[in-house]
Amino acid sequence: MLQLKEEYLSGLFSIVPQRFSDDRGYFFEAYQSFNYSKLIKDLEFVQDNVSKSSKGTLRGLHFQNPPFEQGKLVQVLNGSVIDVAVDLRRSSPTYGRHFKIVLSGQNGIQLYIPPGFAHGFLALENETIFSYKCTHHYQHQAENCLIWNDPILAIDWELDNDPLISFKDQKGLAFDTFYSPFE
């Protein structure tokens, strides 16, 4: 049985799959289309991605422009992250606001991030394995990024040191110069 909670940003859901544990470890269904499609309308995933990150690696805030926008079902298989989703839907009452949650291999929480959101995460441990299912294929020409430390977004990444960030992510757009392509 899945535990589903819609968060304060409309369309964003935290999900906790039922986990069966004993002294050997645990088992859970990470995704089953029948159960998830009953909870979230029009849900169809076409691509799975996995990343491995060292402690202090920050990835994001990524999104794909329409018509290639992606919904994502994200989870951590090993380690832990601070996971962040930013509402980029101009007509949304929570436009420009963000949601932050700790996802870990231990807590088993998943997050469904609908199209129209930017997404990023900070690895809190070495050997963090992050998994995400996408509702649209990756399209290089459609990819975009907001700068992770934008003062308007005011995301508290809870950093002790400067994060490890790709060159591409260091060049993310500032929120005040960004015109969202999402209604």
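Which strands (runs of 3 or more DSSP E) does the stretch 107-183 wholly contain that include 1 or more residues that are basic (Lys, Arg) and closer than 27 Å to residue 46 by Cα?
Here the list reads 128-134.
Would you please name the residue that is surrounded by the most Cβ atoms within 10 Å (Cβ to Cβ), looking only at residues in the stretch 147-169 that are among the aliphatic types (A, V, I, L, M) and in contact with a helix residue (DSSP H, G or I) (Cβ under 6 Å, 6 or more places away or on another chain)? If you could, list the steps in order and put the result at the bottom.
So the first thing to find is which residues in the stretch 147-169 are among the aliphatic types (A, V, I, L, M), and the list is 147, 152-155, 159, 164-165.
When the remaining residues are screened for being in contact with a helix residue (DSSP H, G or I) (Cβ under 6 Å, 6 or more places away or on another chain), the result is 152-153.
Working: 152: 11, 153: 19.
Of everything passing the filter in the stretch 147-169, 153 is surrounded by the most Cβ atoms within 10 Å (Cβ to Cβ).
Out of 127, 143, report the one residue that is at pLDDT 95 or above and in contact with a Ser or Thr (Cβ under 9 Å, 6 or more places away or on another chain).
The match here is 127.
Name the residues in the stretch 124-155 that are under 16 Å from the mean Cα position of the chain (by Cα) and acidic (Asp, Glu), would you?
Passing the criteria: only 143.
Would you mention how many residues in the stretch 134-155 are farther than 15 Å from residue 72 by Cβ and of a type in the set (D, E, K, R)?
Number of matching residues: 1.
Which of the residues that make up the stretch 33-57 are under 27 Å from residue 120 (Cβ atoms), without any contact (Cβ under 8 Å) to a residue 60 or more places away in the chain and among the polar types (S, T, N, Q)?
33, 37
The values are calculated or read from the model by the stated rules, or taken from the named source; none is laboratory data. Keep in mind that what you see is a predicted model, and the values were worked out from it rather than measured. Please note: Cβ atoms are built from the backbone with ideal geometry, for glycine as well, and neighbour counts cover all protein chains shown.
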